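> One structure, as structure tokens, below. Some questions next.
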Amino acid sequence: MLNELKKTTITGKTRVGRGPGSKGKTAGRGHKGQNSRSGGGVPILFEGGQSSFVLRTPKRGFKNYNRIEFDVINVGQLDKIDTNDEINKDFLIKIGKINGKNPLKILGQGDISKKISIKADAFSKTAESKIKSAGGSIIKV
């Protein structure tokens, strides 16, 4: 109904500093000072010359830059895979078990009952013994 319409106004973006018709002259920045200037202002973590919080906070821990991140899969998961071919990194990527960005390591959690041949970058000792005891073979790349 016409009597139920609400009065609304749509205002556009204010163009400051473009003459007396808008917020001319100082463009809403006040008079003089660092923040009125082009490029003025202080960095986000600036604390008036006091050492910043980041610099005052002590360092903690250690990051080993030589650490090798592995894509891992357990022998229990390998037992569920139904294939007679050799299991390798490309096959595991294709079936969606690993993403393939890192070297492949086989871990020993779970049990394996069938004879499989697997090719990987690394094996844990338990995984190696479980695969060999089931009659399988391992190939280190």
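Quick note: the coordinates plus some simple rules give every number you see, no bench work behind them. Bear in mind that the values here come from a model prediction, so they are computed numbers and not experimental data. All Cβ positions, glycine included, derive from the backbone under ideal geometry; neighbour counts span all protein chains shown.
> GLY108 - would you say it is under 12 Å from GLN77 (Cα atoms) and surrounded by 11 or more Cβ atoms within 10 Å (Cβ to Cβ)?
For GLY108, the condition - under 12 Å from GLN77 (Cα atoms) and surrounded by 11 or more Cβ atoms within 10 Å (Cβ to Cβ) - is met.
> Search segment 42-55 for residues being surrounded by 10 or more Cβ atoms within 10 Å (Cβ to Cβ) and not hydrophobic (A, V, I, L, M, F, W, C), and hand back the single one that is farthest from LYS23 (Cα to Cα).
SER52
> Take THR9 and tell me if it is hydroxyl-bearing (Ser, Thr, Tyr), surrounded by 10 or more Cβ atoms within 10 Å (Cβ to Cβ), at negative phi and without any contact (Cβ under 8 Å) to a residue 60 or more places away in the chain.
When the stated conditions are applied, THR9 does not pass them.
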